[in-house]
Amino acid sequence: MAANGDTIRIKAGTYKENEITIIDKSLYLIGEDYPVIDAQMKGTALTIRAEDFSVEGLKIINIGTSHTSDHAAILVSGSKNFRIERNRLENIFFGILVEKSSNGVISRNRISSKAVSQAKSGNGIH
């Protein structure tokens, strides 16, 4: 229901969600008191294919592990002019995965994984 340019404020709490997709909308997602998006080890949490967007102040946890699919806390694809800041990504495979995108700023994010070997992990920022 949001329109281009809208700000969506996500209230504190835990949201068990995965495969949240925002396609072709310039939105500003702002977490209040680090709301938790728990992907329940089922894959990517948030996929964005838009220009002029930002994601700030979210805690995204429990990203599914796969060596054949690129599961990420935040997947940015075909995007321009974006900001991903001050997020906490925990127990992830890929933290922030950026593909075919430009003019993005990724800063002040905290990214961690439980992987104990390189063979069982992705990357914090890829």
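Kindly provide log₁₀ I(q)/I(0) values, in the same order as q = 0.17 Å⁻¹, from the Debye equation applied to equal alpha-carbon scatterers of the chain. The Cα Debye sum returns log10 ratios of -0.79. Can you list which of the chymotrypsin sites (Phe, Trp or Tyr not before Pro) found in region 1-76 are DSSP loop residues with at most 14 other C-beta atoms within 10 Å? Listed in order of number, the matching sites amount to none.
Remark on Asn81: its backbone amide H falls under 5 Å from those of Asp52, Ser102, Asn103, Gly104, a criterion applied only to residues 5 or more positions apart or on other chains, H modelled at 1.01 Å from N. In a reduced charge model with +1 at each Lys and Arg Cβ and -1 at each Asp and Glu Cβ, region 51-91 shows a dipole moment near 120 debye about its Cα centre. Heavy atoms of the protein chains alone define the surface here; on that basis the chain has 54 Å² accessible area per residue at 1.4 Å probe size. When a 1.4 Å probe is rolled over the protein heavy atoms, the share of accessible surface on region 23-126 that falls to carbon and sulfur comes to 45 percent. Sequence gap of 8 or more, or different chains, plus Cα separation below 20 Å: how many lysine pairs satisfy both in the chain? Close lysine pairs found across the chain: 11.
In the distance distribution for region 1-71, Cα-Cα pairs more than 20 Å apart total 32 percent.
Relative contact order of region 1-43: 50 percent, from C-alpha pairs under 8 Å at least 6 residues apart in sequence.
The packing ranking, built from the mean of other Cβ atoms within 10 Å per residue, places the peptides 88-97, 67-76, 107-116 in the order 88-97, 67-76, 107-116, highest first. Amide H contacts of Arg88: Leu58, Lys59, Ile60, Arg110, each under 5 Å away and 5 or more positions distant or on a separate chain (H built 1.01 Å from N in the peptide plane; Pro and chain starts excluded).
The values are calculated or read from the model by the stated rules, or taken from the named source; none is laboratory data. The shown structure was predicted, so the numbers you read here are calculated from the model rather than taken from an experiment. In this analysis, Cβ positions are derived from the backbone assuming ideal geometry, glycine residues included, and neighbour counts consider all displayed protein chains. Accessible surface areas use protein heavy atoms only, side chains included; no ligands, DNA or RNA. Shrake-Rupley method; radii C 1.70, N 1.55, O 1.52, S 1.80 Å.
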